[in-house]
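J.: First the structure, which I've put down as structure tokens, then a few questions once you've had a look.
The values are calculated or read from the model by the stated rules, or taken from the named source; none is laboratory data. What you are looking at is a predicted structure, and each value in this text was computed from that prediction instead of being measured. Glycine gets a Cβ as well: all are built from the backbone with ideal geometry, and neighbour counts include every protein chain shown.
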Amino acid sequence: MATTTATKEKVDQQQYLTFLLAGEEYAINILQVKEIIEYDTVTTVPKTPKWIRGVINLRGSVVPVVDLGIKFGMEERAVTKTSCIVIIETRFEGQGAVIGIVADAVSQVMDLAATDIRAVPEFGTQVKVDYLLGMAQVGKKFALLLDVDKVLFSDELLGLSDLTAGEGQ
């Protein structure tokens with residue numbers, strides 16, 4: 001009987017990749033993470049919002065790179081040796097999109113059960129509350145669990161799709 005409970009507990013757990021932005025820890029569901037790459041050449045694109053760093057060439061595909069720190073109203077941070085780009089898959093209007101998110105550093109992969117996730121208070125975070133799925137305790141601090149599908153609005157993603165479609169021509 002104990003084995004069944006332990007197995008069910010494992011099934012109910014999900015894994016999250018945690019990363020740092022301006023000293024704060026954020027987490028996204030590992031199932032949305034395609035890969036983590038070294039921060040390298042990012043081509044800036046004119047007339048895009050400041051939070052879009054530009055685009056990268058990922059094995060022949062044009063991938064927009066988003067700086068969530070700037071989108072969340074934080075100061076722009078310098079690229080360091082631990083800076084990286086987390087390549088994620090997100091969905092809008094039934095279609096998938098591949099986007100890079102700039103991270104100051106990648107922290108860890110955490111297993112979280114539903115009981116480990118706490119509700120988000122209506123204050124005390126620079127991130128809009130509707131961008132968050134919840135908070136998970138990491139030591140004495142919390143990691144903010146991002147809903148990456150909501151962080152980028154549909155119209156913003158559509159704009160990025162237009163941007164990347166024009167790049168390949």
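J.: Could you please find all residues in region 150-169 being surrounded by fewer than 17 Cβ atoms within 10 Å (Cβ to Cβ), in contact with a strand residue (DSSP E or B) (Cβ under 6 Å, 6 or more places away or on another chain) and either hydroxyl-bearing (Ser, Thr, Tyr) or at pLDDT 55 or above (or both)?
T.: Once the filter is applied, which keeps residues that are surrounded by fewer than 17 Cβ atoms within 10 Å (Cβ to Cβ), in contact with a strand residue (DSSP E or B) (Cβ under 6 Å, 6 or more places away or on another chain) and either hydroxyl-bearing (Ser, Thr, Tyr) or at pLDDT 55 or above (or both), region 150-169 yields only 154.
J.: Hey, among 90, 125, which residue is modelled with pLDDT under 90, touching a helix residue (DSSP H, G or I) at 6+ places or on another chain (Cβ under 8 Å) and of a type in the set (Val, Ile, Thr)?
T.: On inspection, the qualifying residue turns out to be 90.
J.: Given the conditions (1) part of a strand (DSSP E or B); (2) out of contact with any helix residue (DSSP H, G or I) (no Cβ under 7 Å at 6 or more places or on another chain), which single one is not true for residue 74?
T.: (1)
J.: For region 85-96, check the following and say yes or no: at least one residue is under 14 Å from the mean Cα position of the chain (by Cα), of a type in the set (A, V, I, L, M, F, W, C) and outside any strand (DSSP E or B).
T.: For region 85-96, residues under 14 Å from the mean Cα position of the chain (by Cα), of a type in the set (A, V, I, L, M, F, W, C) and outside any strand (DSSP E or B): absent.
J.: Taking only region 36-92 into account, find how many residues are touching a strand residue (DSSP E or B) at 6+ places or on another chain (Cβ under 6 Å) and on the phi > 0 side of the Ramachandran plot.
T.: So the answer is 1.
J.: Identify all residues within region 48-71 that are assigned to a strand (DSSP E or B), over 18 Å from the mean Cα position of the chain (by Cα) and small (Gly, Ala, Ser); write none if there are none.
T.: Answer for region 48-71, where residues must be assigned to a strand (DSSP E or B), over 18 Å from the mean Cα position of the chain (by Cα) and small (Gly, Ala, Ser): just 61.
J.: What number of residues in region 41-61 are under 11 Å from residue 99 (Cβ atoms) and surrounded by fewer than 19 Cβ atoms within 10 Å (Cβ to Cβ)?
T.: The number of residues fulfilling the criteria is 1.
J.: Got a sec? Which of 79, 102 is under 15 Å from the mean Cα position of the chain (by Cα) and either over 23 Å from residue 136 (Cβ atoms) or not in a loop (DSSP other than H, G, I, E, B) (or both)?
T.: Going through 79, 102 in turn, the sole match is 102.
J.: Filter region 16-29 down to the residues that are within 11 Å of residue 110 (Cβ to Cβ) and more than 10 Å from the chain's Cα centre (by Cα), then identify the one that is surrounded by the fewest Cβ atoms within 10 Å (Cβ to Cβ).
T.: Top of the filtered list is 25.
J.: Please state which of the following conditions residue 101 fails to meet, knowing it meets all the rest: (1) buried (at least 20 other Cβ atoms within 10 Å of the Cβ); (2) at pLDDT below 90; (3) in contact with a helix residue (DSSP H, G or I) (Cβ under 7 Å, 6 or more places away or on another chain).
T.: The single condition residue 101 does not satisfy is (2).
J.: Quick check on residue 45: is it in a loop (DSSP other than H, G, I, E, B) and touching a residue at least 60 places away in the same chain (Cβ under 8 Å)?
T.: Yes: the conditions hold for residue 45.
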